[in-house]
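See below for the structure under consideration.
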Amino acid sequence: MGQIHLARVYDHDAELPGQAFFVERLWPRGVRREDLAAVWVKDVAPSPDLRRWYAHDVSKWEEFRRRYEAELEAHPESWEAIADEAAAGDVTLLYAARDREHHSAAVLRDHLRTQLRGR
C-alpha cells in the first residue's frame with residue numbers, strides 16, 4: 001500500500017508523489033486544466049447540498065465529517081479508483097480550500113486509509 005498525500009492545488013509543486021487526483025466538485029479559479037497533471041474526480045467530492053451547508057464553517061467540522069463519511073459509504077464507486085491506485089502506490093489528493101486542516105480531502109484521505117486497511 002502506498003502513501004496518501006494531500007496538497008493544495010494552488011501551491012503544489014510540479015513533482016507530486018504518485019498519481020494526483022483533484023477531488024473537488026468545482027474547478028479552482030485561476031488554474032488551467034492543461035496545467036494540472038491530475039485526474040479530476042468530482043463525483044468523490046461532497047454533495048452540493050453538504051458543501052453549501054458546511055460553507056467552511058469550522059464549528060460544523062465534526063458534523064461535516066460525519067455526513068461526508070456517510071456519503072462516501074453510500075457511493076463507493078466514487079472513490080474506488082483512487083483506492084485501487086493507492087493500493088498499488090502513492091497518490092496525492094489535490095484540494096482547493098484555504099484551510100489546510102478542515103477540508104473534504106482530509107476526510108477522504110482518512111476514509112481511504114480505513115478502506116485500504118480492510119483489504
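The values are calculated or read from the model by the stated rules, or taken from the named source; none is laboratory data. Keep in mind it's a predicted model, so treat the numbers as computed, not measured. Neighbour counts are summed over all protein chains in view; Cβ atoms, including those assigned to glycine, are modelled from backbone coordinates with ideal geometry. What goes into the accessible areas is simple: the full protein's heavy atoms, side chains included, and nothing from ligands, DNA or RNA. Shrake-Rupley method; radii C 1.70, N 1.55, O 1.52, S 1.80 Å.
Could you check the stretch 9-26 and list, in sequence order, the residues that are within 16 Å of His103 (Cβ to Cβ) and in contact with a helix residue (DSSP H, G or I) (Cβ under 9 Å, 6 or more places away or on another chain)?
Phe21, Phe22, Val23, Glu24, Arg25, Leu26, listed by residue number.
Which numbered condition trips up Val31, out of (1) surrounded by fewer than 16 Cβ atoms within 10 Å (Cβ to Cβ); (2) within 15 Å of the chain's Cα centre (by Cα); (3) in a loop (DSSP other than H, G, I, E, B); (4) not hydroxyl-bearing (Ser, Thr, Tyr)?
(2) is the only condition that Val31 fails.
Under 9 Å between Cβ atoms, which residue pairs at least 6 apart in sequence (or on different chains) link something in the stretch 48-60 that is in contact (Cβ under 8 Å) with a residue 12 or more places away in the chain and over 17 Å from Tyr95 (Cβ atoms) with a partner that is open to solvent by 70 Å² or more (accessible area, probe 1.4 Å) and β-branched (Val, Ile, Thr)?
none
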